[in-house]
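Q: Attaching a single structure in C-alpha cells format; questions to follow.
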C-alpha cells in the first residue's frame, strides 16, 4: 500500500558505511512514526482469480500496465514519503521473474550516497540476522535505483517474516536512514501477479 511516514525518529546510525545496525529496535510506535494512507483501495479480485490493478496485499499495491494488446505486466509497489511535504523516502518495487524468483528494486531520491550502499534485513528477534546488499543500477529522472534478485530461498525468508528494514544514506553528509516495510503478504501478492 502506498503509505506516508513521519521519519524523523527513524534515522539511526549504521555500524559502518553500508552496514545496517543489527541491534537497533526500530518499532514505529516507539519512534513516533505515524502511518497515513495516501491511497486506499479495497482488496479486489475477479471471479476467475485474476488480480486487478490497485489490489492491496497488506501494504503492497498491485500496479499493472498493458505491454501489448493481449498482455499486461504487473508489479508490486510500496512507497514511503514524509508526511509534512510528501517527499519520497523510498519506493520498493517487486516483479516476478523466471524460475519462481523475483526482482526487488528500491528507488530513492537522487543524491543518495552510493558508496554507502543500499541494504535490507528482516526485522525479527534473530540477533544474527544477516543484512543483504542491493546493487545500485542507475540514477536518472530524479531517482537512484538499487536492485537484488530474490531466489527461492530468499522468498522463503520473506514468507517467514512480517517486516523488512531497508537502509541507505540520503547524501554524503547525512546520517543513514532506516525505514520499516510491511512484507506480511508479499509472497501472496507476488504469486497473484506471477505469469505462467
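Q: Tell me, what is the Rg over Rh of the range 112-196, with Rh the Kirkwood radius over Cα pairs? Could the numbers behind the result be given before it?
A: Details: Rg = 14.3 Å, Rh = 14.3 Å.
We get a ratio of 1.00 for the range 112-196.
Q: Still on this model: Based on the Kirkwood radius over alpha-carbon pairs, what value in µm²/s does the Stokes-Einstein equation return for the translational diffusion coefficient of the range 134-183 at 37 °C and 0.692 mPa s? Provide the component values of the computation, followed by the final result.
A: Values: Rh = 12.9 Å.
Here the translational diffusion coefficient equals 255 µm²/s.
Q: Label residue 66 and residue 126 with points 7 Å out from Cα along Cα→Cβ: what is the distance between them in nm?
A: Those two pseudo-labels are separated by 4.4 nm.
Q: Next question. So if we plug the beta-carbon distance of residue 82 and residue 172 into 1/(1 + (r/R0)^6) with R0 = 25 Å, what FRET efficiency do we get, rounded to 0.05? Spell out each step's value before the answer.
A: Numbers: r = 20 Å, r/R0 = 0.81.
Efficiency, rounded to the nearest 0.05: 0.80.
Q: Using the basic label-point model (7 angstrom from Cα toward the beta carbon), what is the residue 110 to residue 149 distance in nanometres?
A: Here the answer is 3.0 nm between the modelled labels.
Q: How compact and how long is the range 65-115, expressed as Rg and Dmax of its alpha-carbon atoms in Å?
A: Every Cα atom of the range 65-115 included, Rg and Dmax give 14.6, 42 Å.
Q: Next up: Dividing the alpha-carbon radius of gyration of the range 53-196 by 2.2 N^0.38 Å (N being the number of residues), what value is obtained? Please report the intermediate quantities before stating the final value.
A: Numbers: Rg = 15.3 Å, N = 144, 2.2 N^0.38 = 14.5 Å.
Normalised by 2.2 N^0.38 Å, the Cα Rg of the range 53-196 equals 1.05.
Q: How do 123, 151, 99 rank when sorted from fewest to most other Cβ atoms within 10 Å of their own Cβ?
A: Values: 123 20, 151 14, 99 6.
Ascending number of Cβ neighbours within 10 Å: 99, 151, 123.
Any read-out appearing in this document is the output of simple, stated calculations on the displayed coordinates, not a laboratory observation. Keep in mind that this is a model prediction, so the values were computed, not measured. Cβ coordinates were reconstructed from backbone atoms using ideal geometry, including for glycine residues, and neighbour counts include every protein chain displayed.
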